[in-house]
Structures are given as C-alpha cells and as structure tokens.
C-alpha cells in the first residue's frame with residue numbers, strides 16, 4: 001500500500017524521464033540495424049569492384065605494359081634509288097586533221113572504216129569526178145588549138161625573116177608577126193595552166209589521208225552532196241604515233257630540271273593511268289617551256305612517246321613520272337615504318353632482346369612505298385612496320401612477321417593471335 005502511494009506521489013518530471021529513456025534506446029537500436037544492413041549490402045559491391053580491378057583492368061594494364069606486342073618488322077636495305085618528279089599531264093596529238101572536201105559534188109564512195117589506222121596518201125572517199133573530167137577535156141582542147149596557132153605563127157615569122165633579109169618585105173610586117181607569135185605563146189601558157197588547174201580539181205575528187213593516224217567517226221554518209229565550205233568535214237584523223245604529253249611541275253623543281261636538260265642527256269618520262277598504278281608508255285623529255293605560269297606556280301614540259309601499243313589517246317589524262325636522278329647505295333625502308341610527331345620523323349628500332357627504341361631519322365626522296373633515309377639508320381637494322389600504335393620506347397615485342405614472312409610465335413605468346421597462313425600480318429585485338 002505504501003509502495004503504490006510512493007509511485008503516485010512521484011513528480012511529473014520524473015515520470016517523463018522514465019518514458020523518454022526506453023524510446024531513445026529503441027531509436028538508437030533501429031539506426032544501428034539500418035547501418036548494419038546498409039554496410040553489408042555495400043560490401044559485396046565493393047568486393048566485386050575490387051575483384052574487377054584486380055582481374056579486369058589490372059590485368060589489362062599489366063597486359064598492355066608487360067606482355068609483348070605482336071609486330072611485323074622489316075630489315076633496312078641498301079640499294080640504288082631512282083629519283084622521280086611527279087606531275088599531271090594531258091595527252092596531245094602531234095597532228096589532228098579534219099578531212100574536208102575541196103570541191104563540190106556528190107559523195108560517191110567512202111573507203112575507210114571508222115577507227116582504222118591509215119597512212120598518208122590512203123584513199124578515204126571519192127566525189128563524182130565526171131564534171132571535172134569534162135573541164136579537163138575542154139582545157140586540153142583549148143591548149144591544142146592555141147598550140148597549133150602558135151606553130152603557124154612561128155612558121156610565118158620564119159618566112160618573114162628570110163624575106164626581110166632579101167629586102168622583099170618591110171620590117172614592120174616582120175615585127176608585127178613577131179608580136180603575134182608572142183601573143184600565141186602567152187595563150188598557150190594560159191591554156192597549160194587551165195589544164196593543170198582542171199587536173200588539180202579532178203584530183204580533189206579523191207580525198208586522201210594528209211597524215212598517218214587513226215580516223216574517227218564518219219561525219220557524212222555516202223550519197224550526200226558535199227561542198228568545199230562545209231564546216232564539219234568528212235572525218236577527223238589523229239596522229240597517235242608518236243604522240244606527246246604536256247605536263248606541269250612545281251616551280252621549286254625547275255632548277256634540277258634545267259640542269260639535267262642542259263646536260264643533253266635523254267630524260268626518261270613514264271606515263272601512268274589516272275590511278276597512277278598501271279604504266280601506259282615510256283618516252284623522253286622533248287621540250288621545256290620558257291616561262292612559269294604565275295597563277296599556278298608551275299612549269300610546262302612536253303614529252304614524246306612512241307605509243308607503239310596504242311595505249312595513249314588524245315586529250316587523255318595521265319600521271320607523269322620523270323626520272324631525274326639515281327641515288328647510289330641509298331638506305332631504304334618502307335613508308336609504313338616512318339612515324340611523325342611534333343619533333344619530326346622517327347622509326348621504332350628492334351634490338352636483339354626484342355625491345356624497341358625510338359630513333360629520329362632524316363628523310364629523303366619517296367617513291368611508291370619506299371623512303372630514302374639520309375641519316376641515323378643503317379642497312380641490316382630492323383624496324384617495325386606494323387603494330388606500331390601500341391609501342392613506346394622500351395616496349396617488348398613479339399615478332400609475328402619479318403620481311404613479309406610469318407614467324408612462329410614464342411611460347412610465352414602462344415595465346416596471342418597468330419599471323420595468317422599466307423604471311424599477311426594481323427594486328428592484335430586491343431579489346432580488354
């Protein structure tokens with residue numbers, strides 16, 4: 001009874017403290033449980049990321065930096081290197097002739113086939129000659145008539161001379177007869193000219209090739225009336241043998257060209273197709289222009305080609321390679337081995353221990369896929385030509401191909417992709 005009274009007699013503040021203490025403990029317990037489960041769920045993710053770092057990215061970095069990189073290498077060679085100047089040119093025929101009629105008449109015969117080769121003097125076509133044959137006959141008849149009159153006048157003049165010596169006629173009559181003889185002589189000369197003109201007009205009825213070359217497409221069909229004033233003509237003949245190419249070169253190449261030109265040595269010129277891969281013809285330098293084009297800064301040159309295989313056509317676009325000089329014993333590498341950065345050109349050199357070092361080089365002329373190295377590289381050294389993008393100084397390499405021939409992989413790189421059987425190098429897969 002006393003105890004109950006004691007509880008009832010507690011002050012209000014003490015009772016509030018009694019109820020607050022259990023509530024605080026409950027809140028703290030709930031927070032601790034939540035923190036525990038949150039920590040437990042985050043731990044696996046952290047462990048997974050840690051494992052991925054060890055087994056994923058870590059291995060990839062290790063592979064990139066430590067595992068040998070598969071590369072193709074090439075042995076530096078030494079050989080004579082021809083130096084060429086490259087230009088763009090247009091094929092130009094030495095002669096392009098439009099065959100036109102020189103007299104009027106009906107086209108009676110076409111004696112050529114379109115596209116055929118003809119020689120100078122070959123018959124191409126015939127115009128009706130009958131009207132011109134009649135004119136020739138008239139001129140020849142007039143000539144015979146006047147020659148007869150001349151002969152009679154000369155005989156009379158001879159008789160008058162004898163009579164004059166005998167003082168049987170006056171000198172005036174003799175002089176008059178002499179003038180008549182000269183008059184008939186002039187008439188005969190005019191008649192001869194008329195005969196020759198008639199023969200010339202008659203010859204014009206036969207249209208012949210003025211030059212050798214290839215005929216084009218026929219412009220007029222047989223049976224048409226043609227005129228000497230026709231603009232189109234009968235056909236066009238283009239001379240293809242020999243043929244020339246006019247090409248241009250930059251003005252900074254003028255001095256070596258002029259020096260070689262003045263030496264009077266033949267300069268070889270090669271014509272290639274538009275792609276620059278197939279050689280079409282070989283010729284020689286024929287002429288050099290006397291001025292530089294100020295708008296393009298180029299110099300015009302002309303080369304002549306025999307064109308024996310008919311590979312060049314008028315107005316054809318070609319690539320020109322002119323042989324300027326030959327470097328003896330030049331150091332040569334493939335252009336694929338040459339790399340560039342802000343400091344200039346360099347190559348990756350492979351040492352005996354299969355590590356690479358970067359070496360700066362000075363480059364010379366280039367032709368196709370070969371480059372002349374002027375300094376800091378020697379023959380029989382080896383440079384990387386494929387797989388360069390993953391290299392740096394000191395990198396370890398695994399040689400997959402050497403001088404175009406596949407090389408067996410080393411035991412520690414058996415898992416690396418192997419070269420193709422035909423020896424063509426395949427770059428390693430860079431995916432992690």
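The values are calculated or read from the model by the stated rules, or taken from the named source; none is laboratory data. Predicted model only: the values in this text are computed from it and were never measured. Glycine gets a Cβ as well: all are built from the backbone with ideal geometry, and neighbour counts include every protein chain shown.
The table below gives the values:
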item	result
Residues (touching a strand residue (DSSP E or B) at 6+ places or on another chain (Cβ under 7 Å) and either part of a loop (DSSP other than H, G, I, E, B) or farther than 12 Å from residue 94 by Cα (or both)) located in segment 203-216	205, 206, 207, 208, 209, 210, 211, 212, 214, 215, 216
Test: residue in segment 280-287 that is part of a loop (DSSP other than H, G, I, E, B) and touching a strand residue (DSSP E or B) at 6+ places or on another chain (Cβ under 8 Å)	no
Looking only at segment 288-304, and only at residues there that are in contact with a strand residue (DSSP E or B) (Cβ under 8 Å, 6 or more places away or on another chain) and part of a loop (DSSP other than H, G, I, E, B), the one that is nearest to residue 253 (Cα to Cα)	297
Qualifying residue in segment 231-242 (condition: at pLDDT below 90 and assigned to a loop (DSSP other than H, G, I, E, B))	yes
Single unsatisfied condition, residue 314 versus (1) more than 24 Å from the chain's Cα centre (by Cα); (2) closer than 27 Å to residue 257 by Cβ; (3) not in a strand (DSSP E or B)	(1)
Matching strands (runs of 3 or more DSSP E) fully within segment 326-387 where at least 1 residues are in contact with a helix residue (DSSP H, G or I) (Cβ under 6 Å, 6 or more places away or on another chain) and assigned by TED's automatic domain parsing to the domain that holds residue 401	344-350, 370-375, 382-386
Residue within segment 126-136 that is within 60 Å of the chain's Cα centre (by Cα) and under 30 Å from residue 313 (Cβ atoms) present	yes
Scan of segment 283-313 for residues that are loosely packed, with under 13 Cβ neighbours inside 10 Å and either in contact with a helix residue (DSSP H, G or I) (Cβ under 8 Å, 6 or more places away or on another chain) or free of Cβ contacts under 8 Å to residues at least 40 places away in the same chain (or both), ordered by number	290, 291, 294, 295, 297, 309
Enumeration of residues in segment 365-395 that are touching a residue at least 40 places away in the same chain (Cβ under 8 Å), surrounded by fewer than 19 Cβ atoms within 10 Å (Cβ to Cβ) and under 28 Å from residue 323 (Cα atoms)	365, 367, 370, 372, 374, 378, 379, 380
